[in-house]
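I have placed the structure first, in the form of structure tokens, so that the comments after it can refer back to it.
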Amino acid sequence: MSSLLFLGKQGILHADLKPQNILLVNKPDVTGRQSYTIKFIDFGNALYLHEASVYHDDFELQSLLYRAPEVVACTVCCVVLK
């Protein structure tokens, strides 16, 4: 959760957050106890929050494999009709 809060405070929208882009890193602490850190990867679609409104109407902020079928159908329909 702190990772998401950090991104928000930096004004960054990951825009492709899915299980494949989340790493769980095992880092033992100084006492030898197991400690885990969450890391986000693949910021290829990331944008600053103030830029998101520019892309809102004609830019999908979802990975194709995670889009609902009706969203994909509308995207295809809208492209054909333009």
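Read the figures in this text as sums done on the coordinates, not as results from a lab. In this text the structure is predicted, and so the values were computed from the model without any measurement. When we count neighbours, we look across all protein chains shown, and the Cβ atoms used for this are built from the backbone with ideal geometry, even at glycine.
Summary table below
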{"item": "Environment charge of MET1, counting only residues whose C-beta is closer than 14 Å and scoring Lys/Arg +1, Asp/Glu -1", "result": "+2"}
{"item": "Residue exposure sequence - VAL25, VAL30 - by fewest surrounding Cβ within 10 Å", "result": "VAL30, VAL25"}
{"item": "Residue-span extension gain [ILE22 to SER35] - 0.36 nm each, minus C-alpha spacing", "result": "3.1 nm"}
{"item": "Potential extension, TYR48-PHE6 segment - 0.36 nm per residue separation minus Cα distance", "result": "13.8 nm"}
